[in-house]
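The values are calculated or read from the model by the stated rules, or taken from the named source; none is laboratory data. Being a predicted model, the structure only gives us computed values, none of them experimental. Glycine also receives a Cβ, built like all others from the backbone with ideal geometry; neighbour counts cover every protein chain displayed.
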Amino acid sequence: MPVQTFGMGIGSNPNLSRQSRRLYIGSITTDVNEQNLADFFNEKMTEMNIGTGGPGNPVLAVQCNYEKSYAFVEVRGRTATYCFYSNNPVL
């Protein structure tokens with residue numbers, strides 16, 4: 001029986017690939033919504049030339065959880081997510 005691969009986006013599980021393209025944003029307030037968060041990250045990623053290798057915006061989707069004050073920003077590729085986590089920029 002084959003062993004499931006748990007590498008970031010490697011293997012046949014599409015959810016692992018999606019998880020590897022998501023940025024966690026903590027401590028959001030009710031002033032933040034999906035659109036202005038997407039606009040902010042699209043602007044910053046374009047300025048930094050991250051995730052701009054294809055047509056369209058680098059941000060694919062945004063999901064906010066106001067009860068727990070966090071959001072997930074899904075970006076085009078794992079490389080963009082890696083750039084944010086490895087450089088740890090304060091935006």
Close pairs from the range 36-52: first more than 14 Å from G77 (Cβ to Cβ) and surrounded by fewer than 16 Cβ atoms within 10 Å (Cβ to Cβ), partner at pLDDT below 95 and of a type outside the set (A, V, I, L, M, F, W, C), Cβ under 6 Å, at least 6 apart: T46/T52
Those residues of the range 18-35 that are acidic (D, E) and in contact (Cβ under 8 Å) with a residue 24 or more places away in the chain come to a total of 1
Of all residues being in contact with a strand residue (DSSP E or B) (Cβ under 7 Å, 6 or more places away or on another chain) and among the aliphatic types (A, V, I, L, M) in the range 46-80, which is farthest from S27 (Cα to Cα)? Just the residue, please. L60
Can you work out which of the residues in the range 13-35 that are closer than 14 Å to T81 by Cα and out of contact with any Phe, Trp or Tyr (no Cβ under 8 Å at 6 or more places or on another chain) is surrounded by the most Cβ atoms within 10 Å (Cβ to Cβ)? R21
